1. Scan the range 189-203 and give yes if some residue there is surrounded by fewer than 24 Cβ atoms within 10 Å (Cβ to Cβ), at pLDDT 95 or above and either in a loop (DSSP other than H, G, I, E, B) or not assigned by TED's automatic domain parsing to the domain that holds residue 299 (or both), otherwise no.
2. Residue 131 is checked against (1) free of Cβ contacts under 8 Å to residues at least 60 places away in the same chain; (2) surrounded by fewer than 23 Cβ atoms within 10 Å (Cβ to Cβ); (3) at negative phi and fails just one. What number does that condition carry?
3. Over 21 Å from residue 131 (Cβ atoms), in contact (Cβ under 8 Å) with a residue 40 or more places away in the chain and among the β-branched types (Val, Ile, Thr), is that true of residue 262?
4. I'm checking my understanding of the structure. Among residues of the range 115-128 that are of a type in the set (Val, Ile, Thr) and assigned to a strand (DSSP E or B), which one is surrounded by the fewest Cβ atoms within 10 Å (Cβ to Cβ)?
5. Which residue is farthest from residue 12 (Cα to Cα), if the candidates are limited to the range 49-81 and must be in contact with a strand residue (DSSP E or B) (Cβ under 6 Å, 6 or more places away or on another chain) and among the small types (Gly, Ala, Ser)?
6. Take residues that are surrounded by 21 or more Cβ atoms within 10 Å (Cβ to Cβ) and tell me which of the helices (runs of 4 or more DSSP H) falling wholly in the range 1-74 contain 1 or more.
7. Could you check the range 205-218 and list, in sequence order, the residues that are touching a helix residue (DSSP H, G or I) at 6+ places or on another chain (Cβ under 9 Å) and assigned to a helix (DSSP H, G or I)?
8. Where in the range 321-420 are the helices (runs of 4 or more DSSP H), entirely inside, with at least 1 residues that are farther than 18 Å from residue 272 by Cβ and of a type in the set (S, T, N, Q)?
Amino acid sequence: MDKLMLETDWYSQIKEAANNLDGVSYVTPLDYNANYSREFGAKIYFKREDLQVVRSYKIRGAFHKMFGLTEVQKSEGVVCASAGNHAQGVALACQKLKIKGTIFMPVPTPGQKINQVKMFGGDQVEIKLIGDSFDNAKIEALEFAETLEKVFIHPFDDQKIIEGQATVGLEILNQSQFPIDYLLTPIGGGGLAAGICALFKTQSPGTKIIGFEPRGACSMSQAIKLGENKTLDHIDNFVDGAAVKRVGDLNFQICKEFISKVHAVDEGKICETILDTYNKEAIVLEPAGALTIAGLDQLRGSIQGKNVVCILSGGNNDITRMEEIKERAMLYSGLKHYFVIRFPQRAGALKEFVAEILGPNDDITHFEYIKKTSREKGSAVVGVVLNESADFEPLLQRMKSKQFFGAYLNENEVLMDVLV
């Protein structure tokens, strides 16, 4: 790590950030969770940043950074790129500090997040929808900021942003009346994780900091494994609040020195967790916000009897995404399967499939003939929901024994992208 960064008095800087945020961001609860504590044999606490003023921790870094700009910089206006949460933080900061902001967001950003940015920023912000991912929007935003000589408010790779995000950790230390054995943090660009590491390395060095990132965007774990920060060629944008091709360079330098471990979490597991926390806890989480709870399974053996804090980073979930979330969760749990079914050339084949191939608790949720003509003689794509994952193999064997089986599609990534 750069010697200057290593010698930075992070604690004092983070305390200053907390002072700047007084009356702007909420001091969010640190709640003990009985259900997950029983399940994992540990004392599990949730740091509820989903209850933050913009329903994510991002207001912390954005406001702290913008608060420290010069008056000339403030008068010129700011620019940012974001998949949603950072944009909301910048928008609210623009409103409170009376700074004009131009916000670049990827085209696939959920409508709920776009509307929230408009609501928080009001007439202080202009939104530009550009590109298919955060990284595409960021390129355009940087060029725009350079051309017009405006300050670019980076979502994660900036010391002031890191200091602001680290106030989450400062609150955890102030709220906990117990030693924290494990602190679990989501990782996207790495701003929050870097801030937590920078703070806890001096204030709670015995705490193990564990990071979790989506399996489809493992930019931090890849960088740590290689020993240098690299840009991924391709990512899955589903976990939009944590899907970046490259983590921040400064964040990487801090995390590679001080983070204990970084784990990848399957997107399907994240979806399963979103549904689970909603049904059991009435907590609405976005995919990135569910990362740390979803990652608990990977620590099951090591956290028994320990004090564990999970940062729930955000709750900006668009209700229109719930069908996809449910679908991904069922695929992950082995309850939803897609097949190509070849119907034998005999009368009553479809009736036979329903009566003799499907189990008593199996449901058809998708049925589409592949051929556009002579459908009754063609194959079909069929989606089946099982009551238990153990019902899959018997179903598969019945299909094959009666010559109905054509192909199993769940493992075909290209076709599944079309179906889900």
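The values are calculated or read from the model by the stated rules, or taken from the named source; none is laboratory data. Because the structure is a prediction, the values reported are computed rather than measured. For neighbour counting, all protein chains shown are included, and Cβ atoms are generated from backbone atoms with ideal geometry for every residue, glycine included.
1. no
2. With (1) free of Cβ contacts under 8 Å to residues at least 60 places away in the same chain; (2) surrounded by fewer than 23 Cβ atoms within 10 Å (Cβ to Cβ); (3) at negative phi applied to residue 131, the lone miss is (3).
3. Working: over 21 Å from residue 131 (Cβ atoms): yes; in contact (Cβ under 8 Å) with a residue 40 or more places away in the chain: yes; among the β-branched types (Val, Ile, Thr): yes.
Criteria met by residue 262.
4. As a first pass, look at the range 115-128 and keep what is of a type in the set (Val, Ile, Thr): 117, 125, 127.
Applying the additional criterion that residues be assigned to a strand (DSSP E or B) yields 125, 127.
Values: 125: 24, 127: 17.
Filtering first and then ranking leaves 127.
5. Per the stated criteria, the residue is 81.
6. 10-20, 34-40, 58-67
7. Of everything in the range 205-218, those that are touching a helix residue (DSSP H, G or I) at 6+ places or on another chain (Cβ under 9 Å) and assigned to a helix (DSSP H, G or I) turn out to be 215, 216.
8. On the way: elements: 322-332, 349-352, 392-401, 413-419.
Counting at least 1 such residues, we get 392-401.
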